[in-house]
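Below you'll find the structure, written out as structure tokens, and then a few comments.
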Amino acid sequence: MSTKKLFTSLLLVALLLAPILAANAQDGEPIIAEPGVELDMVLLPKDPGNPVFVEANEGAMEAHEELENPGELIFTGPTPENAIPGQIEIITSSTTEGVDAIMISANAYEELVPATTAAMEAGITIVTWDSPVMPEGEDLFIAQVDFSETGIVMADMALNLLGEEGGEFAVLSATPDASNQNAWIEAMQAALEEDEKYANLELVDIVYGNDVAEDSYNQALGLVDKYPDLKLIMAPTTVGIAAAAKALQDEELCGTVLLSGLGLPSEMESFVEAGCAQEFALWSFHDLGYLTYYVSYMIASGQLEGEIGETFVAGRMGEYTIEEDPNREDGKRIKMGPFSQYNADNFDEWASGE
Ligand code: RAM
């Protein structure tokens, strides 16, 4: 095509798009994604071997197809043993390759920031999801649920299981640097302090199983050994709660030491049936991956600026607005939600649906 023809075609496309973009930009009008923009996008979870992140990738793939992106969607992540340096390496190499967006569930709040900042300086969109980095190192965060609410949900599940009598309980978390778990545990501690109704719940310890099944299993065993009066383990990690259930089962402690936290229904089903896990909560990782992809695609293609107050439509999930993150100063977030809660009473409903 001659330069003149190319210029004329580009002008035509611009003229055709102008009214759409102008309409989208109007105040209060939700922005609707234009499909077909070619973008290479990296989905970088904490650990690609963890089934929740496989589900998130399935959601991202759904959005990738729906938005008819001719570019690539790359799902890659570190091994749990190399969690933080592995993520830094992938961010750095993706920057060198010149991808358009990196979507990160971070293994560390601070340590990834130099790498994500360098990526942003190179024009790459950085969207965090599930587990954020410091606000200065990201465009925005897709929060699965409200982080303060997670603390209350955890405190309420403990109260529900231990009753007014209360007793000793311990937290089995993921890695010590996981920003999502750390925020949830802090929010739970704040809830315990603020509300009298939790007065008899005694948090005796917080241990870390690194989101590795074997480490988490051993940490659960350590807790029951160290605290003979322990009534409950609260594990706000799908890896931790499944490993703790197995440890309690092997030790024949199911029902003696109760188990709660955040669990993936498909991994918890048999443990609930055996009475080794009483109640847990979670959200849809599939939807989280889908929403994350939508936002990242729209920012990377210039259809969204990523500024507070912008409203857009994330395909089948509907309208969302970018807002201030109430849990992180200067942070921006999009809140997904809701929580689903699972226990033996609603077992039939959720077990068949998985
Ligand atoms: C594990 C991971 C993930 C967290 C869930 C609840 O799978 O730590 O980041 O969101 O648990």
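Since every read-out is calculated from the coordinates, none of them should be taken as a lab result. Quantities reported herein were computed from a predicted structural model and do not represent experimental measurements. Every residue, glycine among them, receives a Cβ derived from its backbone with ideal geometry; neighbour counts consider all protein chains shown.
The figures follow:
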{"read-out": "Residue within region 191-204 that is over 21 Å from the mean Cα position of the chain (by Cα), surrounded by 16 or more Cβ atoms within 10 Å (Cβ to Cβ), within 14 Å of the ligand (Cβ to nearest atom) and free of Cβ contacts under 8 Å to residues at least 40 places away in the same chain present", "value": "no"}
{"read-out": "Residue list for region 236-249, restricted to those being surrounded by 20 or more Cβ atoms within 10 Å (Cβ to Cβ) and part of a helix (DSSP H, G or I)", "value": "THR238, VAL239, GLY240, ILE241, ALA242, ALA243, ALA244, ALA245, ALA247, LEU248"}
{"read-out": "Members of region 144-185 found to be touching a helix residue (DSSP H, G or I) at 6+ places or on another chain (Cβ under 8 Å), part of a strand (DSSP E or B) and either more than 22 Å from ALA56 (Cβ to Cβ) or β-branched (Val, Ile, Thr) (or both), listed by number", "value": "PHE169, ALA170, VAL171, LEU172"}
{"read-out": "Residue list for region 236-267, restricted to those being acidic (Asp, Glu) and farther than 23 Å from SER131 by Cα", "value": "ASP250, GLU251, GLU252"}
{"read-out": "Any pair with Cβ under 6 angstrom, 6 or more apart, that starts in region 174-188 at a residue that is within 9 Å of the ligand (Cβ to nearest atom) and ends at one that is among the small types (Gly, Ala, Ser)", "value": "ALA178/SER131; ASN180/SER131; GLN181/SER173; GLN181/ALA174; TRP184/GLY151"}
{"read-out": "Odd one out for GLU252 among (1) buried (at least 18 other Cβ atoms within 10 Å of the Cβ); (2) away from the ligand (no atom under 16 Å from the Cβ); (3) at positive phi", "value": "(1)"}
